[in-house]
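J.: For reference, the structure I am asking about is given below.
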Amino acid sequence: QDTIKIGLAPYGLNAEFMQLWTNAAEQHPAVTSGLVELTVFDGRYDALVQQDQFETMITQGFDAIVFAPIDVEAGATAVQLAHDAGIPVVGSNTRVNSDLLTSYVGSDDVQAGYLEAKAVLDKMGCTGAVVVIEGPIGQSAQIQRGEGNEKALAECPEVTVLEQQTANWSRAEAQSLMENWLTSHGENIKGVIAQNDEMALGAIEAIKAAGMDVSDFAIAGVDGVTDALNAVKAGQMASILQDGAAQAQGAIDVAIKAVKPDYEPMSEIWSQYPDMPWNGGTDAEYNVPWTPVTAENVDDLLAARQ
Amino acid sequence: MTPRIDEPLLRAVGFRKSFSGVPALRDGQFTLMPGSVHALCGGNGAGKSTFLKILMGIHHRDAGTLLRNGREVSFDNPSQALANGISIIEQELSPVPAMTVAENIYLGREPVGFLGRIRFAEMNRKAQTLLDSFHFGIRADSLMMDLTVAQTQLVEIAKALSYDAEVIIMDEPTSALGEAEADQLFAAVATLKARGKGVIYVSHRLSEIFSICDSYTVFRDGAFIETGSLADITKDHLIQLVVGRPLTEEFVKENTPAPAPVLSVRGLAADHGVRDVTFDLKRGEILALYGLMGSGRSEIFDRLFGLSRQTEGRIEIDGAPVTIHSPQDAIRAGLAYVTEDRKGSGLVLTSDVRSNLCLATLGRLSAGPVMNARAERGAAQRMIDDLKIKTASDRLNVSNLSGGNQQKVVLGKWFLTEPRILLLDEPTRGVDVGAKREIYRVMSDFARAGGSVIMISSETDEVLGMADRVVVMRDGGVAGQLERAELSAEGLLHLAA
Amino acid sequence: MDVDNQIKAAVPAGAGTEQPRTLSSRIGPVAQRYGILIALAVLCVVLSLVSDNFLTSRNIINVLRQTSINGILAIGMTFVILTRGIDLSVGSVVAMAGVVSASFATTSAVGFIPGAPYVAAVPLAVGVLTGIALGALSGLAVARFAVPAFVATLGMLSAARGLTLIYSGGRPIPALTDGYRWIGTGDIAGIPVPIILFGLVFALSHFVLTRTRFGRHVYAVGGNPHAAKVSGLPVRRIRFLVYVISGGLAAIAGMILTARTGSALPQAGVAYELDAIAAVVIGGTSLAGGIGRVTGTVIGALLIGVMNNGLDLLGVESYYQQVIKGGLIVAAVMLDRSRRTEE
Amino acid sequence: MDVDNQIKAAVPAGAGTEQPRTLSSRIGPVAQRYGILIALAVLCVVLSLVSDNFLTSRNIINVLRQTSINGILAIGMTFVILTRGIDLSVGSVVAMAGVVSASFATTSAVGFIPGAPYVAAVPLAVGVLTGIALGALSGLAVARFAVPAFVATLGMLSAARGLTLIYSGGRPIPALTDGYRWIGTGDIAGIPVPIILFGLVFALSHFVLTRTRFGRHVYAVGGNPHAAKVSGLPVRRIRFLVYVISGGLAAIAGMILTARTGSALPQAGVAYELDAIAAVVIGGTSLAGGIGRVTGTVIGALLIGVMNNGLDLLGVESYYQQVIKGGLIVAAVMLDRSRRTEE
Ligand SMILES: Nc1ncnc2c1ncn2[C@@H]1O[C@H](COP(=O)(O)OP(=O)(O)OP(=O)(O)O)[C@@H](O)[C@H]1O
Ligand SMILES: Nc1ncnc2c1ncn2[C@@H]1O[C@H](COP(=O)(O)OP(=O)(O)OP(=O)(O)O)[C@@H](O)[C@H]1O
Ligand SMILES: [Mg+2]
Ligand SMILES: [Mg+2]
């Protein structure tokens, strides 16, 4: 009666980013205080599994769902099902193409793509040639970060894109890809725009393995995973931190509010990001700002990880 | 259009076939007349099966002409041969193990009803009638995998006969059969002959050939040698044609058993109803286990060799009790076992002749974990020479050998282990006359040197010729024992039935 | 009676093709035939004890609906495996049939098929034909060109995925017509359409495999291809057809999936082949061919489905779920003492 | 000479267990033994014509290094497949061995092993032991409890992945010592260590399979387990050991991968089993057991590696890469006319 049952539906937990996102949700004060009973459903990177899990949550009478869908379009049906059952759904991290969401707490991937590409292009002085390592084609993060990449690249018409290929968010795949590109393009590659940090890190390893100097390259990724923070600290790359923790905690606050109208947010993120006001918890969209990782803030960020 | 009576059903000229450049058949010729049972004779590896497989469209010939009722034909696959009224009992048994007997018999010819639905009841009934008409005593709805090798052979016979073909090819159909079952087959063959069909019959049992066939054709080393009427020749002449030199069919037996028992079996029970089996095996003795099909002889061997569960009974070797839980135990105790199912449990068909020969003696042919290639080669070559295994090389895949030569490989594998006690289940199955003598000689020498042999044989002649003593089995129990002096074909049959 | 014999024929004790001797003798016939069913029952009883929601009719419908896609794939896979083959491409066929059919059923501007959306029959037919065509290609490689099934269908796994991505430009195809979506979300007399389709596919396949000539020939080709050939069976045609069947059924599964999720994803179905093969093998079909039955496959699929559902119901943490699932699958098969590897 | 004969012995004409009869007759013995090598050669010639960079020593080193991981996995897989088994768990073992060994070799505070980092020998030994332990578990299920290999190792695929995630908390383990990283990034006389390890594993496995008693046992058990048993071979022990070997080699591959990428990722190695099995089958080893050789596997792995490398070098778009790869694999095996499925 008192505790609120919230289902947390990340698209897949085998990689670090969603793991951080989920951990943050579990650390939300409302969860640790017992106000909310949180159950995590690992979507196993499959849209249908996520939809099945929605059905399970509906069967079990959950009060609200926080949803990070694997796919923009396919998530819509799941949201529809929950909506039909009268369960509010708060999107987080990944967008879903549905107007039935109670709210969305996430970050704008187009912007991240723009920021990271900009970091690379700035370091190159807007000349030279780059390669782009993409996420799995068709995933919304890939599409939107790609849009952002394009936007930044359009601002530097001098810069040519030598290669553009997916490495499926994987460090090992990106490493092989980059090795092969270094063979075919050698010194011509001046910059690497990787759509996530893992792939940027793979590129760095490939450069090292080829006996080249990483500092001769401009490299950037997105997400701010721990290894990337270390690499930024070592001056090897730039990264744009996606605050998964804030997305998850914010989404939980909004979800509780949807169930319990008199609720006041308990997470600290609302004070951490003045640019993202609570507004009574009723906004259709909360945009968690990106934080470019710099030599200045990297130590603090790393310390927060421990 | 009925063919004229003097028109051959089948006429093959100049058949040639090589495998990877090695000729298996150089000049195959054969003429089959209606209403005749025509023996195709030849030593192991003479090319008989190859020739028959070409007739059946299983192999493709490199050269040659085939006339069926005077018309030139060529079969790309067995279904065309079947459509032309030719059916075959292959030398190698080839059941579909997970299907019933009836399904195996009518495979591809199932009676179907509405919606392609098979009428199982009708099919089972038909199959049962067919089996019963030959007195085979097999249930049409049992699974093939539950049948013994002999029963499997009977089903394949029933299947080939059920096609109602004009030409029936039988490639060693009796090699796995007991005499009673073989007689059923001969009766069926006589009926076919009377109905004007043609039968091509392959067997290494010459007495059979002389009792059921009317003409013969001999192949040697892949080439046609002679054809004629059996009425015109003697057994010795035929043997000479087959082997290529004068030889008489006889047994080599020069051993004398010592009084001391090497192996004592007391009150042994085994799977499938074998119970209370007691006998002794003496040093230097060749003991035969005789019995009708299914009397439990093979089960005793399985049990002695640790292949079936340990139940009741005691086994003693040299007076000391031994426990045998696995073939390893058995081999350690000095046993060797040539099983009756050479494809199922004898040979590793994916490997070559050398590996198969050395399989049970790997430990002796290696220095520590590393194989001694020269020792392997030497051991294999010794057996190839001793047993006259016809193979292009010891690296040839064993599945490419002729049936009789495969049998010799299994024997060779076990001879190499230098056992004290040899268990031989139908050791001369599919082996030609010449090689049989070699095997008898090896057995005899082995016993003379102090080894002991227990053999199972469905050929009464072989039992009479080789055994010092016979333990006769009936329905899983010992029906009696006969000393060599008391042996006679009637006596054995009397006890066994 | 008749049928009984048939079933017995289809699932004997052992797995290997050789040493027909002692196999069926060792184990009682009941455990032989129902081992895996017992495992499923045990799992269900345990789950209904620890979770109140498990045995609700709504949850049972959930489980069945969730199982339907893997179940249909696994039934097609059963045909293939019975002939000693394997079909790794089912996941990619799921995606391709989903995307191609959806492109005929979308109301969105992404649809690049003139005239779309068509009435549901058109996209559905196109989808099935897509699956059949892909299956036919694999079948051709296996049956005609003697490419090992693993290689032929692995090639198809990769190629069909690529084609799907090319066709769709890597983007999902959303906004499907209600008619199309009905096969995923509709119901007849309260029973969801995917479950009905699953049931139909099962009943039909069971009939074909146990009662018809083609079905028995599938067993024969897998049990002893040489004997099948010598008996005059069209071995190549049978080998070819099982891949066509698998492709067609994968297409149906793909369209159910698409209709359920409401948009066609080019990256759908990744790694589905593993679950499908697992259901087949857990259900007692031998990868060596010739032995198995489609009822076993359905039980295997249900076992996997119940396991996934149950662990989610219990809220078991995801990492532990993976460990438990791995252990449960092995345990279930061990409990099913009927199956033994040849030795 | 001797070795040559061995090789010939290990790969006879056909693939199936039965009637290799018509098979070998049609094709000359050279194509029989070198079919897939020819396919690889053709691919290399074509690539060196269309890409200037392909035949550079640097690129050749790249290809070999990229192939080393899949190559080592595939060699272990060859042992398993030769006994009629399969090991689906290699990808998960890669991850687990990587993560566990890395936890003994990290300088970062994430390392939760007191005293870490240890000198490289410690984490490497721990990693190999981890792989061996996982392999032993699978082997036990297969050899002792007669669980079909597909099920046993599928269970392990899931369970080991779960354990890896639990052990690491789902986080990568970064900041590995130079000593540890040497096996991924170091070189001896200019030849990268992964390539050297690949070569060593190949030479040793080839020796074991062709020259030792254990190797003979592996072929016999795969060719006819019943005959092997009757001949007194310790069938169960052999079955068990091949999984241990596969696990151990997967661990080595996992540590090379970890050392190469510089941090241990719990999600590494997903779906690696497919590429490993593909290399084995492309290399001419029969999934029916008893037939095959490790040289074929290495050629198969190289074919896959060259294909990936070449398509990247040519800058082929990723969708089209998938289509081309699928087609090329099938084409290569078709060109290798030597192998035909039984019929
Ligand atoms: N597939 C094959 N590959 C290579 N050689 C083969 C193959 N099949 C048969 N041979 C060889 O052809 C020769 C003839 O064999 P075939 O089986 O026809 O002999 P057979 O007369 O039937 O002998 P048996 O009486 O022992 O059955 C043998 O030397 C055999 O080794
Ligand atoms: N796997 C089995 N399942 C059921 N019964 C079997 C099985 N194997 C053998 N039997 C039965 O056990 C009995 C003894 O068989 P066994 O093979 O020992 O007979 P045998 O005397 O060697 O005869 P033969 O080898 O000539 O057929 C037979 O009645 C046989 O039908
Ligand atoms: Mg023959
Ligand atoms: Mg017997």
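The values are calculated or read from the model by the stated rules, or taken from the named source; none is laboratory data. Here the structure is a predicted model, which means the values were calculated and not measured. With ideal geometry, Cβ positions are generated from the backbone for all residues, glycine too; neighbour counts draw on all protein chains shown. Quick note on the areas: whole protein, heavy atoms, side chains included, nothing else; ligands and nucleic acids left out. Shrake-Rupley method; radii C 1.70, N 1.55, O 1.52, S 1.80 Å.
J.: Roughly what would the spin-label model give for D:Ile188 and B:His494, points 7 Å off Cα along C-beta, in nm?
T.: My value for the distance between the label points is 8.1 nm.
J.: Sorted by mean Cβ packing within 10 Å, highest first, what order do the peptides C:200-211, D:245-256 take?
T.: D:245-256, C:200-211
J.: What number comes out for the charge environment of D:Leu197, summing +1 per Lys or Arg and -1 per Asp or Glu over other residues with Cβ under 12 Å away?
T.: Computed value for this residue: +1.
J.: Continuing with the same structure: By its C-alpha gyration tensor, with a ≥ b ≥ c as the square roots of the eigenvalues, how is the stretch D:41-107 shaped: rounded for a/c under 1.5, else prolate for a/b larger than b/c, else oblate?
T.: Because a/c hits 1.5 or more and a/b fails to exceed b/c, the stretch D:41-107 counts as oblate.
J.: With each run of n ≥ 4 DSSP H residues scored as -39500 (n - 2.57), what mean residue ellipticity at 222 nm is computed for chain D after dividing by its residue count and rounding to the nearest 500 deg cm²/dmol?
T.: For chain D, the value works out to -22500 deg cm²/dmol.
J.: Where the accessible area of the protein assembly as shown is counted over protein heavy atoms with a 1.4 Å probe, how much of it, in %, is carbon and sulfur?
T.: Carbon plus sulfur share of accessible area: 57 percent.
J.: Could you give the spread of the C-alpha atoms of the stretch A:70-154 along their three principal axes, from largest to smallest, in whole angstroms?
T.: 55, 21, 15
J.: For a quick check: with amide H placed at 1.01 Å from N, whose amide H comes under 5 Å from B:Met455's, ignoring anything fewer than 5 positions away on the same chain?
T.: Amide H to amide H, under 5 Å and 5 or more residues apart or across chains, B:Met455 pairs with B:Leu287, B:Ala288, B:Leu289, B:Leu424.
J.: Here's another thing I want to ask about it. Can you give the mean number of other chain Cβ atoms that lie within 10 Å of the Cβ atoms in peptide B:88-95?
T.: Other-chain Cβ atoms within 10 Å of each residue's Cβ, averaged: 3.
J.: For the stretch C:44-162, just say rounded, prolate or oblate: build the C-alpha gyration tensor, square-root its eigenvalues into a ≥ b ≥ c, call rounded for a/c under 1.5, and beyond that prolate if a/b exceeds b/c, oblate if not.
T.: Oblate, since a/c reaches 1.5 and b/c is not below a/b.
J.: Relative contact order for chain C: what percent, with Cα pairs under 8 Å and sequence separation of 6 or more?
T.: The value is 35 percent.
J.: Also, quick follow-up: Work out the FRET efficiency for B:Arg448 and B:Val112 from their Cβ-Cβ distance, taking R0 = 60 Å, and round it to the nearest 0.05.
T.: 0.45
J.: Pairs B:Lys48/B:Lys343; B:Lys159/B:Lys197; A:Lys123/A:Lys233; B:Lys17/B:Lys390; B:Lys408/D:Lys229; B:Lys193/B:Lys343: which exceed 21 Å Cα-Cα?
T.: Cα-Cα > 21 Å for B:Lys193/B:Lys343; rest within.
J.: For B:Ile169, what residues show an amide H to amide H distance below 5 Å, using hydrogens built from the backbone and excluding near sequence neighbours?
T.: B:Ser87, B:Ile88, B:Ile89, B:Ile200
J.: Oh, and also: Does the stretch C:53-342 come out rounded, prolate or oblate, given a ≥ b ≥ c as the square roots of the eigenvalues of its C-alpha gyration tensor, rounded meaning a/c under 1.5 and, failing that, prolate meaning a/b above b/c?
T.: Since a/c reaches 1.5 but b/c is at least a/b, the shape of the stretch C:53-342 is classed as oblate.
J.: Another one. Efficiency by 1/(1 + (r/R0)^6): what FRET value for B:Ser393 and D:Leu200, r their Cβ-Cβ distance, R0 = 30 Å, to the nearest 0.05?
T.: 0.40
J.: Below 8 Å, C-alpha to C-alpha, sequence gap of six or more: please give me the relative contact order for chain A in percent.
T.: It comes to 19 percent, rounded to a whole number.
J.: Using Cα positions and a limit of under 17 Å, work out the aspartates and glutamates in reach of B:Lys126, with same-chain residues fewer than 8 apart set aside.
T.: Straight-distance partners of B:Lys126: B:Glu103, B:Glu110, B:Asp141, B:Glu156, B:Asp164, C:Asp2.
J.: For the stretch A:273-293 and the stretch D:194-261, what is the separation of their C-alpha centers, rounded to whole Å?
T.: When both Cα centres are located, 57 Å separates them.
J.: Taking the Cα centre of chain A as the origin and placing charges on Cβ (Lys, Arg +1; Asp, Glu -1), which of A:Ala255, A:Asn14, A:Ile143 is farthest toward the positive end of the dipole?
T.: Working it through, the farthest residue towards the positive pole turns out to be A:Asn14.
J.: For the D and C pair, go ahead and give the buried accessible area with a 1.4 Å probe, both sides summed, in Å² to 100.
T.: Separately minus together, D and C give about 4700 Å² buried.
J.: Roughly what would the spin-label model give for A:Gln27 and D:Val316, points 7 Å off Cα along C-beta, in nm?
T.: Result: 4.6 nm between the two label points.
J.: With every atom except the alpha carbons ignored, what do you get for Rg and Dmax of the protein assembly as shown, in angstroms?
T.: Here Rg and the maximum Cα pair distance are 35.1, 116 Å.
J.: If one computes the Cα centroid of the stretch D:154-193 and of the stretch B:432-483, what distance in Å separates the two points?
T.: Between the Cα centre of the stretch D:154-193 and that of the stretch B:432-483, the gap is 64 Å.
J.: Sticking with this structure for a sec: What average number of partner chain Cβ atoms lie no more than 10 Å from the Cβ of the residues making up C:267-278?
T.: 4
J.: Assuming R0 = 60 Å, can you tell me the calculated FRET efficiency for the pair A:Lys260 and C:Ile38, based on Cβ-Cβ distance, to the nearest 0.05?
T.: Efficiency for this residue pair is about 0.80.
J.: Roughly how many Å is it from the Cα centre of the stretch B:5-57 to that of the stretch B:221-290, as a whole number?
T.: If you average the Cα positions of each part, the centres end up 29 Å apart.
J.: So which lysines pass the test for A:Lys260, namely a Cα distance under 29 Å, with those fewer than 8 places away in the same chain ruled out?
T.: Those lysines meeting the cut-off are A:Lys5.
J.: If you don't mind, there's one more thing I want to ask. Going toward the positive end of the dipole of the protein assembly as shown, with +1 on Lys and Arg Cβ and -1 on Asp and Glu Cβ, which of A:Val105, C:Thr153, D:Val193 do you reach last?
T.: It is C:Thr153.
J.: Restricting attention to the alpha-carbon atoms of chain B, what are Rg (one decimal) and Dmax (integer), both in Å?
T.: Spelled out, the Cα radius of gyration and Dmax of chain B are 23.1, 74 Å.
J.: Then there is this: Can you give the average number of partner chain beta-carbon atoms within 10 Å of each beta-carbon in peptide A:47-55, as a whole number?
T.: Partner Cβ neighbours, averaged per residue: 6.
J.: What are the distances, in nm and sorted shortest first, from the label point of C:Arg144 to the label points of the same position in each other copy, with each label point placed 7 Å from Cα along the Cα-to-Cβ direction?
T.: Taking the point 7 Å beyond Cα along Cα→Cβ, the inter-copy spacings are 5.0 nm.
J.: Using a Cα-Cα cut-off of under 16 Å, which aspartates and glutamates could be cross-linked to B:Lys413, ignoring same-chain neighbours fewer than 8 residues away?
T.: B:Glu340, B:Asp341, B:Asp352, B:Glu376, B:Asp385, B:Asp386, B:Asp394, B:Asp425, B:Glu426, B:Glu438
J.: Return the value, in Å² to the nearest 100, of accessible area buried between chains D and B (probe 1.4 Å, both sides summed).
T.: The buried area between D and B, both sides summed, comes to about 3000 Å².
J.: First select every other residue whose beta carbon is under 12 angstrom from the beta carbon of B:Ile286; then total the charges, Lys and Arg +1, Asp and Glu -1.
T.: Residues close to B:Ile286 contribute a combined charge of +1.
J.: Roughly how large is the D-A contact in terms of buried accessible area, totalled over both chains, probe 1.4 Å, nearest 100 Å²?
T.: Buried area between the two chains comes out at roughly 2600 Å².
J.: For B:Thr256 paired with C:Leu55, estimate the spin-label separation in nm (one decimal), with each label point 7 Å from Cα along the Cα-to-Cβ line.
T.: Each label point lies 7 Å from its Cα, and together they span 8.3 nm.
J.: Once you list every other residue whose beta carbon is under 9 Å from the beta carbon of A:Ile58, what net charge do they have if Lys and Arg are +1 and Asp and Glu are -1?
T.: Spelling it out: positives minus negatives among the neighbours equals -1.
J.: Let me ask something additional. How big is the accessible area of B:Leu482 in square angstrom, nearest 10, if you roll a 1.4 angstrom probe over the protein chains?
T.: Accessible area of B:Leu482: about 30 Å².
J.: So what is log10(I(q)/I(0)) for the stretch B:261-496 at q = 0.09, 0.16, 0.17 1/Å, when the Debye sum runs over its Cα atoms only?
T.: Debye output, listed in q order: -0.36, -1.15, -1.28.
J.: What accessible area per residue comes out for the protein assembly as shown, rounded to a whole number of Å², with a 1.4 Å probe?
T.: Heavy-atom accessible area per residue stands at 33 Å².
J.: Taking a point 7 Å out from Cα toward Cβ as the label site, list the nm distances between C:Pro114 and the same residue in every other copy, smallest first.
T.: 7.7
J.: Taking +1 at the Cβ of each Lys and Arg and -1 at the Cβ of each Asp and Glu, which of C:Thr295, C:Ser318, C:Ala133 sits farthest along the dipole of chain C towards its positive end, judged by Cα position relative to the Cα centre?
T.: C:Ala133
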